[in-house]
Amino acid sequence: MNNKYKKIHIKKGDIVKVIAGNEKGKIGTIIKVIKKKQQVTIKNINLKTKHLRPQQEKETGKIIQIEAPIHSSNVMLYSTNNKVDINIK
């Protein structure tokens, strides 16, 4: 059996801790998994600003913040009961 994508150690809804990058040490839940790029999107972590142009004539533009994906190797499962990181082998 030839798998198209590599296996990722986490799934949607898991609670994870960021172990590398600008958001190091923060804890959040996964809202999206991108298997093709091995990336995950975490709620309220790695926020980027996006400027939206007005779509209709009488509408004004907006500035919104969206969560950008992080590589799955930069996150680790987190246990809320024991408040420790979980190492998977």
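We did not get these values from a lab; they are worked out from the coordinates using the rules stated. Given the structure is predicted, the values throughout are model-derived calculations rather than measurements. Here Cβ is always computed from backbone atoms with ideal geometry, including for glycine, and neighbour counts include all displayed protein chains.
State yes or no: is Ile63 loosely packed, with under 10 Cβ neighbours inside 10 Å, in a strand (DSSP E or B) and hydrophobic (A, V, I, L, M, F, W, C)? Reasoning before the result, please.
On the way: loosely packed, with under 10 Cβ neighbours inside 10 Å: yes; in a strand (DSSP E or B): yes; hydrophobic (A, V, I, L, M, F, W, C): yes.
Yes; evaluated as a whole, the condition is true for this residue.
Out of all the residues in region 49-60, which are in a strand (DSSP E or B) and surrounded by 10 or more Cβ atoms within 10 Å (Cβ to Cβ)? Step through it out loud before you land on a result.
Looking only at region 49-60, we keep the residues that are in a strand (DSSP E or B), and these are 49-52.
Correct list: Lys50, Leu52.
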Exactly one condition in (1) in contact with a strand residue (DSSP E or B) (Cβ under 7 Å, 6 or more places away or on another chain); (2) within 15 Å of Ser72 (Cβ to Cβ); (3) not β-branched (Val, Ile, Thr) is false for Lys48; which is it? (2)
Would you check which residues across region 7-34 are touching a Ser or Thr at 6+ places or on another chain (Cβ under 9 Å) and over 21 Å from Ser79 (Cβ atoms) and list them? Lys32, Ile34
If only one of Thr41, Thr29 is surrounded by 15 or more Cβ atoms within 10 Å (Cβ to Cβ) and of a type in the set (Ser, Thr, Tyr), which one is it? Thr41
